[in-house]
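S.K.: Before anything else, here's the structure in question.
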Amino acid sequence: MRQARNVAVMVLAVGTLSACATKGFVRRGLEEQRMALDSERSAREAGDGGLRTEMNGLRTDLATLRNDLTALRTDFNTRITAMENQVTFAMPVHFGFDDAAVRQQDEAALEKFAQVASAHYRGATITIEGFADPAGSQAYNLRLSRERADAVRDYLVSKGMNGAALRTVGYGKARLVRPGAKAGDDGAELNRRVTFVVETPSGAGAATVAALTANH
């Protein structure tokens, strides 16, 4: 009888210890799960915060680009055409007849372009296209238009732009703004000009399109 009682006590004790062990295991499991959930939530919140910061930065960059492009358009009468990977700036930078020197009245526009290109198109290749009016031979106009593009490149480099990113090409009397206007004719100055073609890094052209079309 006593032996039976002892066996019963031992069974009860083992059962109690087993129940306690089971409860401890469950508590540890729940605690580990809670810690894992807390860690996951913290990581998610940190990720969301980083994403918000990045989005705010992108919005700020886009607003700055929009303001700078607007200044080029309104203050310097620049025509800006944007595609996915290319942006063209047709600026009112003109030259005297038979002359390739940068005029003083065009320096402010060129300085603004240098500022915009340095801020928003880092890593881009920029081609400076030079043009001439139809006076003179084809060979002469090609050389003169290239000299004009070179003069503009040198001026932009003097304002801090990377010369390695600037290419020049002369198109002579091609793509005339005022067909037939030359020398001292009305509108001939419009033919003696430069245009900037910015081959943008991935996304910059799209950003330009967004900046030009976004509602203020």
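S.K.: Condition first: open to solvent by less than 80 Å² (accessible area, probe 1.4 Å) and among the basic types (Lys, Arg). Now tell me which residues in region 174-216 satisfy that.
M.R.: Arg192, Arg193
S.K.: Something else now. Residues that are out of contact with any Ser or Thr (no Cβ under 7 Å at 6 or more places or on another chain) and under 16 Å from Gly96 (Cα atoms): find the strands (runs of 3 or more DSSP E) completely inside region 109-216 holding 1 or more of those. Lay out the reasoning, then the answer.
M.R.: Values: elements: 125-130, 166-170, 193-199.
Hits in region 109-216: 193-199.
S.K.: Shifting gears a bit: Could you list all residues from region 93-132 that are open to solvent by less than 60 Å² (accessible area, probe 1.4 Å) and free of Cβ contacts under 8 Å to residues at least 40 places away in the same chain?
M.R.: Selection gives Arg103, Asp106, Ala108, Ala109.
S.K.: Now for a different question. Does Leu190 satisfy being free of Cβ contacts under 8 Å to residues at least 40 places away in the same chain and either farther than 25 Å from Thr70 by Cα or within 33 Å of the chain's Cα centre (by Cα) (or both)?
M.R.: So Leu190 fails the test.
The values are calculated or read from the model by the stated rules, or taken from the named source; none is laboratory data. Everything numeric in this text was worked out from a predicted model, so none of it was measured. Positions of Cβ are generated from backbone atoms using ideal geometry, with glycine treated the same way; all protein chains shown enter the neighbour counts. SASA here: full protein model, heavy atoms, side chains in, ligands and nucleic acids out. Shrake-Rupley method; radii C 1.70, N 1.55, O 1.52, S 1.80 Å.
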